[in-house]
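The values are calculated or read from the model by the stated rules, or taken from the named source; none is laboratory data. In this text the structure is predicted, and so the values were computed from the model without any measurement. Cβ coordinates were reconstructed from backbone atoms using ideal geometry, including for glycine residues, and neighbour counts include every protein chain displayed. Side chains included, ligands, DNA and RNA excluded: accessible areas come from the protein's heavy atoms. Shrake-Rupley method; radii C 1.70, N 1.55, O 1.52, S 1.80 Å.
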Amino acid sequence: MIPVYNCSQFIPEVLESVLKQHIAEKDMQIEVVDDASTDADVEKIVQEIGKGRINYFRQSNNIGSLRNFETCINRSHGKFIHLLHGDDRVLPGYYHTIQHLFRQYPKAGAAFCNYRYIDEIGHEKFWQPLESDKEGILENWLLRIAERNLIQYAAITVKREVYEELGSFYGSTFGEDWEMWVRIAQAHKFAYTPKVLAEYRQHDSSITGEKFLNGDSLKDLILIMDLVQKYVPQTHRKTVLRKSKKFYAWYGLHNAADAWKRTCNKKSVHNQIRQLLKMHNGDFGMYKVIAKLYLKMLLNYR
């Protein structure tokens, strides 16, 4: 299921990446769920590339990403659901490998692969660190995933019955996937392969990119951290929350520095610094990096 909204320049890539897997129509539904895009005729793109193999559904009006994801789940027919965003890609072997994981580990509620990050034009940026160097069920996964998000949508497939049991995405439009993966981990096992079989695209025009620039990403993460707490055993909650806040404060600082380097947008940097200091303070190393960043801004040095 491929949710899209105003990302037409990337849609051909995602559709072709799925079609190249050569999965028969009787074995896999492929459908684009369009949240009333205005940037292009998405249906025409789907028809030209899919040649009848890919279904198309358009919302009558823009309902937002969370409800569009829910529509994807509700319109899906299969036992396993892959929400592949319209700006990401899968690599050859993704579906066969995920199918193998569910067969090999039938108690798993979700299965995911390692993945890499790509830039706007599709060039590799970096790989996600391995969760394990071998295939299998991940141990102690709830506490690990509760600290910070370790999965991107493109890399994970979830059993339909798990979504039906636990419900859809909610809370915010940034970090909602993290809350979902923790929610699933609290009730089900996760199967994993270290093979890199998916690509997550980072670009400023995405919801994620826009929230990085205005600082709202950190606001959303604070909300998600509070939601995550209820899934964590009581004895671990304070530790997990402390680690989460420290990690995401440094994450926000990295994004602020990157925003300055790429855009020289002082307002964006101020927004992110303000939010990350609300999240985590008293860290001398962080203050030192912030001071260096503001000095660069003062000197207009990128």
Three-way shape call for segment 207-299 based on the alpha-carbon gyration tensor, with the a/c threshold at 1.5: oblate
Chymotrypsin sites (Phe, Trp or Tyr not before Pro) restricted to segment 242-302 and DSSP loop, no more than 14 other C-beta within 10 Å: Y301
Cα long-axis angle, helix 65-75 against the chain (0 to 90 degrees, to the nearest 10): 20 degrees
Cα gyration tensor shape of segment 44-185, rounded if a/c is under 1.5, else prolate or oblate by comparing a/b with b/c: rounded
Tilt relative to the chain, helix 266-279 - C-alpha long axis, 0 to 90 degrees, to 10: 90 degrees
For the chain, the Rg and Dmax computed from alpha carbons only, in angstrom: 19.7, 61
Antiparallel DSSP beta bridges within the chain, as percent of all bridges there, nearest 5: 40 percent
Exposure rank, largest accessible area first [D35, D258, D41; 1.4 Å]: D41, D258, D35
0 to 90° range, to nearest 10: angle between helix 284-298 axis and the chain longest Cα axis: 90 degrees
Residue-by-residue Karplus 3J(HN,Hα) for segment 19-34, coefficients 6.51, -1.76, 1.60, Hz, glycine and proline x: 4, 5, 6, 6, 9, 5, 4, 5, 9, 8, 7, 10, 9, 8, 10, 9
Built amide H within the under 5 Å cut-off of N114, gap 5+: T193, K195, L197
Protein accessible area in the chain, 1.4 Å probe - carbon and sulfur %: 52 percent
Flagged links, alpha-carbon separation over 28 Å, of K230/K288; K246/K292; K125/K189: K230/K288; K125/K189
Relative contact order for segment 1-87, counting Cα pairs under 8 Å that sit 6 or more residues apart, in percent: 47 percent
Per residue accessible area in Å² of the chain, where ligands, DNA and RNA are left out and the probe is 1.4 Å: 49 Å²
Debye intensity ratio I(q)/I(0), log10, segment 1-75, q values 0.14, 0.16, 0.17 Å⁻¹ (C-alpha model): -0.40, -0.53, -0.60
Loop-located trypsin sites (Lys or Arg not before Pro) in segment 44-114 whose Cβ has at most 10 other Cβ within 10 Å (DSSP): K51, K79, K107
Spatially proximal lysines relative to K26 (Cα-Cα < 24 Å; intrachain offsets below 8 disregarded): K44, K51, K79, K159
Cβ charges +1 (Lys, Arg) and -1 (Asp, Glu), total dipole of the chain, debye: 1320 debye
Descending semi-axes in Å of segment 104-144, equivalent ellipsoid built from Cα gyration tensor: 26, 12, 9
Low-density loop cleavage sites - GluC sites (Glu not before Pro) in segment 85-184, where at most 15 other Cβ are within 10 Å (DSSP): E120, E139
